[in-house]
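K.L.:
Below you'll find the structure I mean.
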Amino acid sequence: MQFLTRRLRAVKEQALADLDLQEKEFGTLHALAGRGGRAAPSEIAADLGMAPASITARVDGLLRRDFVRRIPSAVDRRRVDVELTDAGRAAWLRAMDVVGGEEHRLLGALAPDERRLLSDLLRRVVLVADGPAR
């Protein structure tokens, strides 16, 4: 599993370098995409396990690259949300295509029923790993 993890990490790092994306930029774009492309900065920070005050610099960097924009919140006039731009969504999708393509290539060595079994087995291992230590 460590070899596969290293392999996927290397592919991801190369994809991000080729796209001129830093890991933290990709992580922020990924968190936003996971929330439908729009979220409050505090929600993004929570998704990334960061303090809310720490997300401002990341958002500012993505703003300068035209990957996100700040927009008024639909639920609270005092709040501002962050929204993916078309350029931000395209950059995120390009990186995801490369990483997803490598995952698909690796898993292509397995038959569909073997992929389902692997998924089920890994899910069980993750549940134990995520649970309380014994």
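A short reminder: the numbers here are calculations on the coordinates, not readings from a lab. All values reported here derive from a predicted model rather than from experimental measurement. All Cβ positions, glycine included, derive from the backbone under ideal geometry; neighbour counts span all protein chains shown.
K.L.:
Between Met96 and Arg64, what FRET efficiency comes out of the Förster formula 1/(1 + (r/R0)^6) with R0 = 22 Å and r the beta carbon distance, rounded to 0.05?
P.N.:
With a Förster radius of 22 Å, E is 0.50.
K.L.:
Another one. Any chance you could check the Cα centroid distance between region 120-134 and region 25-103 for me, in angstrom?
P.N.:
29
K.L.:
Next question, about the same structure. How far apart, in nm, are two points set 7 Å out from the Cα along the Cα-to-Cβ line at Ala51 and at Leu122?
P.N.:
Going by the 7 Å Cα→Cβ label model, 3.5 nm.
K.L.:
Moving to a separate point now. What is the chain's relative contact order, in percent, from Cα pairs under 8 angstrom and six or more apart in sequence?
P.N.:
Relative CO of the chain lands at 25 percent.
K.L.:
Report which label in [x] 12.2; [y] 9.8; [z] 10.5 holds the value of mean projected area of the Cα convex hull in nm² derived from the coordinates of this structure.
P.N.:
Recomputing mean projected area of the Cα convex hull in nm² here gives the entry labelled [z].
K.L.:
Given the options Gly100, Leu122, Leu16, identify the residue whose Cα lies farthest towards the positive end of the charge dipole of the chain (+1 on Cβ of Lys, Arg; -1 on Cβ of Asp, Glu).
P.N.:
Leu122
K.L.:
Grab the beta carbon distance between Ile71 and Gln14, set R0 = 35 Å, and tell me the FRET efficiency rounded to 0.05.
P.N.:
E between Ile71 and Gln14, to the nearest 0.05, is 0.60.
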